[in-house]
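Just below is one structure, and these are the notes that go with it.
The values are calculated or read from the model by the stated rules, or taken from the named source; none is laboratory data. Keep in mind that what you see is a predicted model, and the values were worked out from it rather than measured. Every residue, glycine as well, gets a Cβ built from its backbone with ideal geometry; the counts of neighbours run over all protein chains shown.
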Amino acid sequence: MSKPTPEVYERGRGMDAHNQVMRDIRAENDDSYDPHEPTRVWIDEDNTPDGVYQSLTIILNTGGCRWARAGGCTMCGYVAESVEGGSVSHEALMDQIQVALDHEAEEADEQSGLIKIYTSGSFLDEREVPAETRRAIAETFADRDRIVVESLPDFVDREKVRDFTEQGLETDVAVGLETATDRVRHDCVNKYFDFADFEDACAEAREAGGGVKAYLLMKPPFLSEQEALEDMQSSVRRCGAVDGCHTVSMNPCNVQRYTMVDELFYEGGYRPPWLWSVAEVLRTTTDVDAIVVSDPVGHGSDRGAHNCGECDDRVQRAIKDFDLRQDPSVFEQVECECEFTWELVLEEEQSFNTPLAR
Ligand code: SF4
Ligand SMILES: [Zn+2]
């Protein structure tokens, strides 16, 4: 397997070329956002090693991901939502947390046991969230049971994770690994780190008494349906085998605005994965020693994982059911004629003729 070298980047190829294209695409966006408001807040239910919890999810609006500024990942439109100018003050970030707490008080009958904080970047990157803010947030949620914070592996170190575990919180770092295959991560996702960095991040989290939730991306651009399926099956297995990685969230790629995937989609060169493929990965990896879940965003639409239109809601319901129960028999109860089309796509689609069917 060839590995790109720095010289190749210098000639305007490899990651350098991906980054150049991504910067141009992102420059088309001129929306701006309020630094005192979180990007999104919602209440849901999640499966954790300690059972199912009501969860409060907060997408904090920070200065955005450093990597996205350089160009960033081919499917990621989150940076389009970040605050212009690159940094958000401690006070503004704490205002965002207050807005989230107010939302919870209004919407839910009780406090959520699980808090999940994402930043469209890395919560543990101190350029995005200063140490002072990280500690204040840990204190704010000290009366909850669990917390999840998102970070790229480079920023995961035991001292930062300890800020949360010392408050008595079960703490997980959510890492957007995308795939365990380095070549796919580099060439299809345009993400710069290696699987070995993910293993190091898991070890750091473990040292502080925390754990890791790996986020995988099913079907980045340039892979056929079959390649995407196999990539996820092997990635779920490899993640489950890493000490400290107790949950894998395997999510189908969806088409977000201002991304390379969006450009390909527009030109007819990309189709998000079939929901059958998502179900197949979940069904065939139940022996893995980790909770494996999936939350197909925009399911049933052209821009999200979809089947034929007739069965999408039923398959999605089975997936959500599987998330909470981890029981593969939920998939025996859904059938549709479009399974034959999906099987044909698996057999016949090659990366040069993708997508074979819409
Ligand atoms: S996926 Fe994560 S690392 Fe990649 S550009 Fe988006 S926020 Fe940054
Ligand atoms: Zn169908």
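Annotations
- Being of a type in the set (F, W, Y), more than 16 Å from ligand 1 (Cβ to nearest atom) and either farther than 18 Å from G72 by Cα or surrounded by fewer than 24 Cβ atoms within 10 Å (Cβ to Cβ) (or both) is a property that holds for F222.
- Candidates are the residues of the stretch 304-358 that are of a type in the set (S, T, N, Q) and part of a helix (DSSP H, G or I); the one that is surrounded by the most Cβ atoms within 10 Å (Cβ to Cβ) is Q316.
- Qualifying residue in the stretch 58-66 (condition: more than 16 Å from ligand 2 (Cβ to nearest atom) and at pLDDT 95 or above): yes
- Hits in the stretch 284-303 (condition: small (G, A, S), surrounded by 20 or more Cβ atoms within 10 Å (Cβ to Cβ) and within 16 Å of ligand 2 (Cβ to nearest atom)): none
- Pairs linking a residue in the stretch 302-330 that is within 21 Å of G51 (Cβ to Cβ) to a residue that is more than 16 Å from ligand 2 (Cβ to nearest atom) and among the basic types (K, R), with Cβ atoms under 6 Å and 6 or more positions apart or on different chains, are P328/R283.
- Against the test of being part of a helix (DSSP H, G or I) and within 16 Å of ligand 1 (Cβ to nearest atom), the options A201, A205, A214, A196 yield a single qualifying residue, A201.
- A search for C-beta distances below 6 Å between a residue of the stretch 335-349 that is closer than 14 Å to L229 by Cβ and any residue that is more than 13 Å from ligand 2 (Cβ to nearest atom) and part of a helix (DSSP H, G or I), counting only pairs 6+ apart in sequence or on different chains, returns V345/E225; L346/E225; L346/Q226; E349/E225.
- Qualifying residue in the stretch 317-324 (condition: under 15 Å from V278 (Cα atoms) and more than 25 Å from the chain's Cα centre (by Cα)): no
- Which numbered condition E337 misses (of (1) within 23 Å of the chain's Cα centre (by Cα); (2) within 16 Å of ligand 2 (Cβ to nearest atom)): (1)
- The residue pairs whose first member lies in the stretch 67-87 and is within 20 Å of L216 (Cα to Cα) and of a type outside the set (G, A, S), whose second member is at pLDDT below 80 and part of a loop (DSSP other than H, G, I, E, B), and whose beta carbons are closer than 7 Å, counting only pairs six or more residues apart or on different chains, are Y78/S120; V79/G64; V79/S120.
- The stretch 66-77, subset within 8 Å of ligand 1 (Cβ to nearest atom) and crowded, with 24+ Cβ neighbours inside 10 Å, residue nearest to Q96 (Cα to Cα): C76
- Taking helices (runs of 4 or more DSSP H) as the structural unit, those lying wholly within the stretch 63-172 and holding at least 3 residues that are over 30 Å from L264 (Cβ atoms) and touching a Ser or Thr at 6+ places or on another chain (Cβ under 8 Å) correspond to 90-107, 158-165.
- One residue from F164, F141, F155 being aromatic (F, W, Y), under 28 Å from D194 (Cβ atoms) and surrounded by fewer than 24 Cβ atoms within 10 Å (Cβ to Cβ): F155
- Matching entry among C253, C308 (being modelled with pLDDT of 95 or more and more than 18 Å from C188 (Cα to Cα)): C308
Table: residues versus (1) among the basic types (K, R); (2) outside any helix (DSSP H, G or I).
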| position | (1), (2) |
| --- | --- |
| S234 | no, no |
| D243 | no, yes |
| T247 | no, yes |
| S277 | no, no |
| R283 | yes, no |
